[in-house]
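First up is the structure itself, then whatever we jot down about it.
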Amino acid sequence: MTPESVPTWITLIGNFGFPIAITVYLFVRFERKLDKLETVILQLSEVIKAINKNN
């Protein structure tokens, strides 16, 4: 099989499919980390409010 006989769409999937899959994977992981960060920031703000009420 020569490179000329490979259909264009297979070449496109080979060239762009892997980077797209990695990007989607990293976005999903990043979103989860942002959700956890948001939760921690909200908890921290509640702790700060509680500390300020006691003073």
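R0 = 35 Å: FRET efficiency of VAL28 with ASN54, Cβ-based, nearest 0.05? In this case the efficiency is close to 0.30. Based on protein heavy atoms only, the chain ends up with 98 Å² per residue of surface accessible to a 1.4 Å probe. By accessible area, using a 1.4 Å probe on protein heavy atoms only, the chain has 69% of its surface on carbon and sulfur. Evaluating 6.51 cos²θ - 1.76 cosθ + 1.60 at θ = phi - 60° for every residue in the range 30-35, the Karplus couplings come out as 5, 4, 4, 5, 5, 4 Hz, glycine and proline recorded as x.
The values are calculated or read from the model by the stated rules, or taken from the named source; none is laboratory data. Quick caveat: nothing in here was measured; it's all calculated off a predicted structure. Positions of Cβ are backbone-derived with ideal geometry, glycine not excepted, and every protein chain shown enters the neighbour counts. Surface areas here come from the heavy atoms of the whole protein model, side chains and all, with no ligands, DNA or RNA. Shrake-Rupley method; radii C 1.70, N 1.55, O 1.52, S 1.80 Å.
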